[in-house]
Amino acid sequence: MSRLTRSIAALAMASLLLAACGENKEAKVVSGYQLDPPPQVGALSLPDASAENADVAFTAADGEFLVVYFGYTQCPDVCPTTLNEVKKALKAIGDDAEKVDVGMITIDPDRDDGELLTNYVQSFVPGAHAWRTDDDALLEQVATTFGASYSVTTNAEGAIEVSHSGNLYVVDPAGTVVLQWPFGLQADAIATDLEILLGS
């Protein structure tokens, strides 16, 4: 069975379980997807510039969820678009937003210092984490474990070129990536998925 087939099967199973939990027995289908097996990221941590560079692990608090994003502050389109959709989704779920933590990992630490990164991500979500490391091997390990990809190169003219995957990763208290949202998913779909996860 291919990885994609397993992912679709996992999503179908999750949808059935969610349907069984619904009071009106109507199916509640999430817009995101889950890999089979889902990535386990709870053993990993990175320095959090928004917490005075203390190492913060990729786990949510009990009864809550953590949304993780890989990006960089000079991103012209994908990053601000994605973070704005997260901002709107959190607003849409009202008080339940208190149960959703958000954080961004910079893939361009040479240009994103801690203060810049913190100000950037918190301009979208106040209190959000700003993860940053100068350890290239550690950053690559974290990204690979999540399933994210990125590239930062310098072209012949000396300009820096950055590319990266645009997924959002939803992590539970056990450090399991329980859901992934692809780039382009709208705020209303993200909000609905969060409500399903939170049992709202």
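How many of the residues in region 130-172 are in contact with a strand residue (DSSP E or B) (Cβ under 8 Å, 6 or more places away or on another chain) and either exposed (fewer than 15 other Cβ atoms within 10 Å of the Cβ) or of a type in the set (Ser, Thr, Tyr) (or both)?
Residues in region 130-172 being in contact with a strand residue (DSSP E or B) (Cβ under 8 Å, 6 or more places away or on another chain) and either exposed (fewer than 15 other Cβ atoms within 10 Å of the Cβ) or of a type in the set (Ser, Thr, Tyr) (or both): 14 in total.
How many residues does region 176-200 hold that are assigned to a loop (DSSP other than H, G, I, E, B) and either surrounded by fewer than 18 Cβ atoms within 10 Å (Cβ to Cβ) or under 11 Å from the mean Cα position of the chain (by Cα) (or both)?
6
When the residues of region 98-113 are narrowed to those that are within 16 Å of the chain's Cα centre (by Cα) and touching a residue at least 40 places away in the same chain (Cβ under 8 Å), which ends up surrounded by the fewest Cβ atoms within 10 Å (Cβ to Cβ)?
Looking at the filtered set, the residue picked out is Lys99.
Please state which of the following conditions Met104 fails to meet, knowing it meets all the rest: (1) touching a Cys at 6+ places or on another chain (Cβ under 9 Å); (2) part of a loop (DSSP other than H, G, I, E, B); (3) at pLDDT 95 or above; (4) not β-branched (Val, Ile, Thr).
(2)
Restricting to region 107-136, count the residues that are part of a loop (DSSP other than H, G, I, E, B) and β-branched (Val, Ile, Thr).
So the count comes out to 3.
Scan region 45-65 for residues that are more than 13 Å from Thr118 (Cβ to Cβ) and buried (at least 17 other Cβ atoms within 10 Å of the Cβ) and jot them down.
Result: Ser45, Leu46, Phe58, Thr59, Ala60, Glu64, Phe65.
Name the single residue, out of those in region 19-34 being in a loop (DSSP other than H, G, I, E, B) and under 14 Å from the mean Cα position of the chain (by Cα), that is modelled with the lowest pLDDT.
Gln34
When you scan region 114-125, how many residues do you find that are surrounded by fewer than 20 Cβ atoms within 10 Å (Cβ to Cβ) and either more than 16 Å from the chain's Cα centre (by Cα) or of a type in the set (Ser, Thr, Tyr) (or both)?
Counting residues in region 114-125 that are surrounded by fewer than 20 Cβ atoms within 10 Å (Cβ to Cβ) and either more than 16 Å from the chain's Cα centre (by Cα) or of a type in the set (Ser, Thr, Tyr) (or both) gives 5.
The values are calculated or read from the model by the stated rules, or taken from the named source; none is laboratory data. Source: prediction; values computed, not measured. A quick note on method: Cβ atoms are made from the backbone with ideal geometry, for glycine too, and the neighbour counts reach across all protein chains shown.
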